[in-house]
Amino acid sequence: MKLQNKIKMSLPLGHEITTFFKSHPEHVVNNLWVVTQGIFSAKSTNLNRVKDELGQILGNQSETKPESNYKRLIRFFQLPDADKHCLTKSLLCIGFCVLGLKGRKPRYLTLDGTSWEYGAKKIHLLTLGVVIRGVSIPICWEDLDKKGASNYSERKALLNRACRWYNLRGMILLADREYLGEKWFKYLKCNGLDFVIRLKRHVYREYVDTQRSVTGKEFKHQKWRYSGMEKEAAKSHYKTTGVAKQIRILDEKYTFVVFKNPKDDPKEPLVYFLSSLSQKRKIVKFYPIRWKIECCFKHLKSNGFNLEDLNFKNSGKIKLMMAIVSFLYVLCIHQGLIAYATFKKSDFKKYRNGTTTLAVSIFRKGKALLTGLFHHLKSFVRFLSAVLKRKKPPNWVHVQ
């Protein structure tokens, strides 16, 4: 209790921060920032490692023992689930303010899962992200508490919650081969979401082979069968455009696309897509953006905060930890974008095949800069208050 009172007295939170936490006691909000900066400094979500950073963060190495700091961290994650849920929403809202999106609505959503095991616990975080300035930002997630792919009910529950928190209508969902299902496709269309989803070979082949053209002038080869589409797509002059046919599934119109794999993989010479969009060029162009969520997972885990190090088995605690590392991820992205506001030739690395990429990713650039700013808790709070000044959540975000 003495430690809590000391922090409460020595860490005045400005209006820029407290406005997001009106339903929480001040000591809970203070502890949130202690935990957040501890994870950043430790580069780990394992509380045994985080506890060793708290003395320096709080400036009281000689006054408290690591065991006391560990108990403090444990107590924070023992908050009721309703409080964890509210803290998650507040962190999401602050994150969008930090990014400074104003009224601009993103165009793409990404859906994927990351999974690992902790003892007998099977952790599977099904995660919905939104692509902002070329980076996928987690906006909603659920621990499925199992190995293997998600089912329709689990994905629907996640999207229902996301639609209550955000206005997602008109956005395009990008997902890989495990996120299939006739009812799932129809659900997305009925909720105003377009999609581009990669398929396994031969999936929905019967729809291609048995259906004639759906009326529409945008397709020239509506009588193609599945085998004919594969043959045509394999030709070199279809490498950048693909072959498409319009089909119906559960009375909804979709576009089936076969495209020559740009990686020239002998095991997968062709790739297959199903989309609610009609233009095949756009379908082929949009899908690679899905990879952004894979980069996000890498930064949350091995490249940044070692999310897989967490020593929790309770799903509520795991989801709150995901909220904290996602918030730190947003801070790093924000700082990285500032650093790369004007790109220089030295910022890029060129490969033999002529392609170029950033020599240091936006995330790692931002993380390195923040390491120099976050000396102790007060500096962390001052930085956050300065970033939040005169910023509001974009109008499509309703999480608070």
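From the list 198, 164, 155, which one is under 30 Å from residue 361 (Cβ atoms), within 19 Å of the chain's Cα centre (by Cα), in contact (Cβ under 8 Å) with a residue 40 or more places away in the chain and not in a strand (DSSP E or B)?
Going through 198, 164, 155 in turn, the sole match is 155.
For segment 291-377, which fully contained helices (runs of 4 or more DSSP H) count at least 3 residues that are over 15 Å from the mean Cα position of the chain (by Cα) and without any contact (Cβ under 8 Å) to a residue 60 or more places away in the chain?
Hits in segment 291-377: 315-339, 362-373.
May I ask you to list pairs of residues, at least six apart or on different chains, whose Cβ atoms are under 8 Å apart, with the first in segment 71-91 being farther than 17 Å from residue 325 by Cβ and the second being open to solvent by 10 Å² or more (accessible area, probe 1.4 Å) and of a type in the set (Gly, Ala, Ser)?
Close Cβ pairs satisfying both conditions: 81/316; 86/23.
Can you name the residue in segment 345-374 that is at pLDDT 80 or above and aliphatic (A, V, I, L, M) and is also surrounded by the most Cβ atoms within 10 Å (Cβ to Cβ) among such residues?
362
Looking only at segment 255-279, how many residues end up being open to solvent by less than 50 Å² (accessible area, probe 1.4 Å), within 26 Å of the chain's Cα centre (by Cα) and farther than 18 Å from residue 211 by Cα?
Adding up the residues that qualify gives 3.
Which ones in segment 162-184 are buried (at least 17 other Cβ atoms within 10 Å of the Cβ) and within 12 Å of residue 107 (Cβ to Cβ)?
168, 171, 172, 173, 174
If a residue counts only when it is within 26 Å of the chain's Cα centre (by Cα), more than 30 Å from residue 172 (Cβ to Cβ) and of a type outside the set (Asp, Glu), which strands (runs of 3 or more DSSP E) contained entirely in segment 25-144 have at least 2 such residues?
Filter on segment 25-144 gives 121-132.
With the structure loaded, tell me whether residue 188 is assigned to a helix (DSSP H, G or I), open to solvent by less than 20 Å² (accessible area, probe 1.4 Å), of a type outside the set (D, E, K, R) and closer than 24 Å to residue 226 by Cβ or whether it fails that test.
Yes; evaluated as a whole, the condition is true for this residue.
Answer yes if at least one residue in segment 136-143 is modelled with pLDDT under 95 and either crowded, with 16+ Cβ neighbours inside 10 Å or touching an Asp or Glu at 6+ places or on another chain (Cβ under 6 Å) (or both), and no otherwise.
no
The values are calculated or read from the model by the stated rules, or taken from the named source; none is laboratory data. Quantities reported herein were computed from a predicted structural model and do not represent experimental measurements. Cβ coordinates were reconstructed from backbone atoms using ideal geometry, including for glycine residues, and neighbour counts include every protein chain displayed. Surface areas here come from the heavy atoms of the whole protein model, side chains and all, with no ligands, DNA or RNA. Shrake-Rupley method; radii C 1.70, N 1.55, O 1.52, S 1.80 Å.
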